[in-house]
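Comments concern the structure below.
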Amino acid sequence: MNKWKIVPPLVALALWELLAGLGWLGKTPTPVQAVRGIYELIATGLPPGYHLQGHLLASLARVFSGFAVAFVIAVPLGILMGAWPLASVIVDPLVEAIRPIPPLAWAPLALIWFGLGLASAAFIVFLGAFFPILLNTVSGVKSVDPHLVEAARTLGARKRTILGRVLVPGSMPSIIIGMRIGMGIAWMTLIAAELIGVKNGYGLGYMIMTARDLARYDLLVAGMVVIGVVGFLIDWLIRLGEKRLLRWR
Amino acid sequence: MAMKTTGQALSLRGLSKTFIEKKTGKELEVLDSIDLEIEPGSLTCLVGPSGCGKTTLLRLIGGLEMPTAGEVLFEGTPVTGPGPERGMVFQEYALFPWRTVLKNVSFGLDIEGMPGVEARRRAESYLETVGLTGHEDLYPRELSGGMKQRVAIARTLAVEPRILLMDEPFASLDAQTRNGMQEFLVELWQRTGTTVVFVTHSVDEAVFLGGDIVGLSRRPARVVDTFTNSMEYPRGRTEPEFIALRARILEYLTREMSDA
Amino acid sequence: MSVALLLLCAICAGLLAGCGSTTSAAKVVRVGFLNTDMHQLAYYVAREKGFFTEQGLDVREGGTFSAGPEEMSAFSAGELDMGYVGAAPAITFASQGMADIKIVAQANTIGSSIVVRPGLDIADVNGLKGRTVAIPGVSTMQDFILHKALAEAGVDPAEVKIIVVKPPEMIASLAGGQIDAAVVWEPYPTMAVAQNAGRVLITSAKVLPDHPCCMVVVDSKFLKDNPDTVKRFIAAHVKATNYINANKLEAADMAHLFTGQDTAITRAAMKNIEYTYVPSVKAIQSYVEFMKQSGVVKAKDPAAFTRSLVDTTFTGGSGK
């Protein structure tokens, strides 16, 4: 990675430290305070006794379960919709009707349907991740070179083989794009959803909400930094997997 | 006209194809009652003016399109769809980019359930046939045009087709590579004895390759003329006989292209 | 013509007099409050009955707030002069130095309950052992009440699963059986009972008699610069509080207009709320001590901290 990429963020950090320290940013905490805050979140926890590690694990569990469900439904459905116009015609209106509704708007309903546990947060995450994965899968399938399909047919491939051995690998680049977008939205949506209610008292969103309620803005910013870094790392992991899977590009 | 009428490999009888444009409903007649017999083991070239329907004809034989009228009989049975016995090689190579060279070649074998070890062995031998041993683990994006086409040919050969349908396979290659591939094809054909139907734009190529050269008319295509090349292989491109045949074919082509 | 001139003078005088009386005495006060909180009814009554205007105050609403911390953030940003807000956010924001405010009056005491879900057959707080109980936030007054109730019943808080649920979601969670009990302020307990989502196990008044809840706070700088305005504001607040206590039914109807809740709800809820205006330094201090114990307030000396935070001069209260 180009080592000069790190310069703009460092400059921004320095500026933030300077301005906040001078009091020019209202009562915004400085980067140093934020870093100390991260330490406190790990050592003491917020609320006291609820450590960062626990919040992180809870949030990760929710985002991955919601994402997994979205993936498992959206990819096969997307491949079907991309390969069969009829499937697309049936499913598309439903998709287009629900997609514009922000996942968070479902939160009150989610609570009634699934309660306060993992399921309701996972449901909201699911709604966030599902549509990007689906749409990108469909477009991925549609963009598979038709000559490849024909070549497969002339080599003796039947419909199911074409599906599994041509359309799926051929649409993989698009599917992965959908995954990256879906995961990004899932992570953001989860944090917001955790502000609604968490059963066991753990969750990064819940943690920063508590920080706000208790006027601990240093911990709030610390929490935001952690959330941002984790989101970045998750995406980085996906890109790593992408490099492996798409070696052929 | 020295065409043999025993033709068992392939019989086209009154073959016609009309396309209907989806949006306007306009009809486009591409093939007009083609009659053709192709003998097993022959290497036949199809030539004709641009856009006359050569590719459509090949696709009908391959089973990628269905006739509007008439029939395509392969070894006496009507063709209802594509299949490995009628292998096709496309101008665009159509190699699976996510598969290595070896896995591309073994594709047809993999999908029919052949055990991995044997499929690999077979693929390797066909790679050797096309002279690409050592390239097994490369990906298509790492190959030159000529190499890609050879992989495509190996891939089709691996399923041991009884007829090889080739649609301008060398058109995107540079002149030198192209000539090399033509020589390679002749050699391969002589070795395997597979029936070959070869569509081309290039008269030179047709004369170099074809035992029989079928000339099609402008769209809607009919068979206008058939030429036989009885020169020995490999053919000299500067031989008088070569040049004479070439001239005759060019003449017919020019006629076809200028006629009202 | 002299009649016309006289008339003209009279009109001008009238106009001038009119202008004079509205511009010279009216002082702008930017006020914050929670528009769903019945505890802050005194504000609404004072406004509607013109008690603020009487005092020569032009009260401007500084924003719509649905929760205490939001309102305190506005104080932090210098957007508010005075406000009605819960004790918890006021104290936490002050202790963290995020807002420089003083508590100058009480808005209400008591007014919360421990509600249990239907089907939970327990007789008293003892039955909460091993159960899941929801509070509106860490270290809120409701959290304090819960701890007191458990201590009184001899139940170790560690044996109770305490989680945070926002009040609007509490009723659905009770009805759905996802939580066994909730500690929350009126009108939620009354609403829960009305919707058959729960029954009141014990009121906060029984657990912690006269505990404070909502307060009237003022931005410290505003207080320093405008002590007279603050005095007048509180006078209006006192009058409104007394009015509520003397006209319970009418107050309940006004609460309906204020919060949007049904009159049946507001009337029942009011039975569990005490509208007073004298802040109890002792009660507030004991709450501060609780918050210090849970680690959310870092006050070396809770007594000193409380004394610096609460100003009883406007309400004539002693340091009780």
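Could you size up the charge dipole of the protein assembly as shown around its Cα centre, putting +1 on the beta carbon of Lys and Arg and -1 on that of Asp and Glu, and report it in debye to the nearest 20?
For this selection, approximately 1460 debye.
When N counts the residues of the protein assembly as shown, how does its alpha-carbon radius of gyration compare numerically with 2.2 N^0.38 Å, as a ratio?
1.48
With a point put 7 Å past each Cα toward its Cβ, work out how far B:Thr254 is from B:Ala175 in nm, to one decimal.
Reported label-point gap for B:Thr254 and B:Ala175 is 2.1 nm.
Under 1.5 on a/c is rounded, so check that first for the range C:77-191, then, if it is not, pick prolate when a/b is larger than b/c and oblate when it is not; a ≥ b ≥ c are the square roots of the alpha carbon gyration tensor eigenvalues.
prolate
Dipole size in debye (nearest 20) for chain B around its Cα centre, Lys and Arg Cβ +1, Asp and Glu Cβ -1?
480 debye
Springs between alpha-carbon atoms under 10 Å, Gaussian network over chain C: tell me which of C:Ala252, C:Ala26, C:Ala240 tops the mean-square fluctuations.
Checking each option, the largest mean-square fluctuation is seen for C:Ala26.
Where a ≥ b ≥ c are the square roots of the eigenvalues of the C-alpha gyration tensor, would you call chain A rounded, which needs a/c under 1.5, or, failing that, prolate if a/b is larger than b/c, or oblate?
The shape class here is prolate.
Taking the Cα centre of chain C as origin and charging only Cβ (+1 Lys, Arg; -1 Asp, Glu), how large is the dipole, in debye to the nearest 20?
420 debye
Using alpha carbons only, how many degrees (0 to 90, rounded to 10) separate the axis of helix B:145-158 from the longest principal axis of chain B?
80 degrees
Please list the non-local residues whose amide H lies under 5 Å from the amide H of B:Gly87, H modeled 1.01 Å from N, same-chain partners needing a gap of 5 or more.
B:Arg162, B:Ile163, B:Leu165
Within a 10 angstrom radius of each residue's Cβ in B:90-96, how many Cβ atoms of other chains show up on average? Whole number is fine.
5
Suppose the chain between B:Thr238 and B:Arg141 were pulled fully straight at 0.36 nm per residue; how much longer would it get relative to their current alpha carbon spacing?
Taking 0.36 nm per residue and subtracting the Cα distance, the gain is 31.3 nm.
Which angle from 0 to 90°, rounded to the nearest 10, does the C-alpha axis of helix C:2-25 make with the longest principal axis of chain C?
Its long axis makes an angle of about 30 degrees.
Work the Kirkwood hydrodynamic radius out for the range C:123-176: mean of 1/r over every pair of different alpha-carbon atoms, inverted, in Å.
It is 11.5 Å.
Could you work out the Rg to Rh ratio of the range C:176-315, with Rh taken as the Kirkwood radius (inverse of the mean 1/r over all Cα pairs)?
Expressed as Rg/Rh, it is 1.02.
How large is ³J(HN,Hα), in whole Hz, for each residue of the range B:92-103 in order, when computed from phi with the Karplus curve 6.51 cos²θ - 1.76 cosθ + 1.60 and θ = phi - 60°, using x for Gly and Pro?
Couplings: 8, 6, 6, 6, 6, x, 8, 10, 5, 3, 4, 5 Hz.
Using the Cα atoms of the range B:204-260, I'd like the radius of gyration and the largest Cα-Cα distance, Dmax, both in angstrom.
12.0, 38
Compute a Gaussian network model of chain A, connecting alpha carbons closer than 10 Å, and tell me which residue from A:Leu220, A:Leu22, A:Leu77 fluctuates the most.
The residue that fluctuates most here is A:Leu22.
Given an 8 Å cut-off on Cα distances and at least 6 residues of separation, report the relative contact order of chain A as a percent.
25 percent
Where does chain C land at 222 nm, in deg cm²/dmol rounded to the nearest 500, when only DSSP H runs of n ≥ 4 count, each adding -39500 (n - 2.57), divided by all residues?
Helix contribution divided over all residues of chain C: -14500 deg cm²/dmol.
What is the projected area of the convex hull of the Cα atoms of the range A:32-115, averaged over all directions, in nm²?
Value for the range A:32-115: 8.6 nm².
Please report the relative contact order for chain B, taking Cα pairs under 8 Å with a sequence separation of at least 6, and give it as a percent rounded to a whole number.
That works out to 25 percent.
Would you work out which of A:Gly201, A:Tyr217, A:Leu134 lies farthest towards the positive end of the dipole of the range A:98-249? Charges go on Cβ: Lys and Arg +1, Asp and Glu -1.
A:Leu134
Please arrange B:Ser42, C:Ser66, B:Ser33 by counting, for each residue, the other beta carbons lying within 10 Å of its beta carbon, fewest first.
Taking fewest neighbouring Cβ atoms as first place, the list is C:Ser66, B:Ser33, B:Ser42.
For the charge dipole of the range B:25-170, defined by +1 on Lys and Arg C-beta atoms and -1 on Asp and Glu C-beta atoms about the Cα centroid, which residue among B:Pro115, B:Pro78, B:Leu64 has the Cα displaced farthest towards the positive pole?
B:Pro115
When a/c is below 1.5 the answer is rounded, else prolate if a/b is larger than b/c, else oblate, so apply that to the range C:225-298 with a ≥ b ≥ c taken from the square roots of the Cα gyration tensor eigenvalues.
Since a/c reaches 1.5 but b/c is at least a/b, the shape of the range C:225-298 is classed as oblate.
Can you compute the radius of gyration and Dmax for the range A:3-46, using only the Cα atoms, both in Å?
Expressed in Å, the Cα Rg and Dmax of the range A:3-46 come to 12.7, 36.
Report, as an integer, the average count of C-beta atoms from other chains found within 10 Å of each Cβ along A:209-222.
Other-chain Cβ atoms within 10 Å of each residue's Cβ, averaged: 6.
Per residue of A:143-152, count partner chain C-beta atoms within 10 Å of its C-beta, then hand back the mean as an integer.
Counting other chains' Cβ atoms within 10 Å and averaging over A:143-152 gives 5.
Relative to the longest principal axis of the C-alpha atoms of chain B, give the angle of the C-alpha long axis of helix B:175-192, reported between 0 and 90° and rounded to the nearest 10°.
Once rounded, the angle reads 80 degrees.
What are the principal axis extents of the Cα atoms in chain C, in Å, biggest first?
91, 45, 31
Using the 10 angstrom Cβ neighbour count as an exposure proxy, how do A:Ile6, A:Ile176 rank, fewest first?
With the sparsest Cβ surroundings first, the list reads A:Ile6, A:Ile176.
Defining a contact as two alpha carbons under 8 Å apart and six or more residues distant in sequence, what relative contact order in percent does chain C show?
Dividing the mean separation by the residue count of chain C yields 25 percent.
Each value in this text was obtained by applying a stated rule to the coordinates, not by laboratory testing. Since the model is a prediction, treat every value here as computed from it, not as a measurement. All Cβ positions, glycine included, derive from the backbone under ideal geometry; neighbour counts span all protein chains shown.
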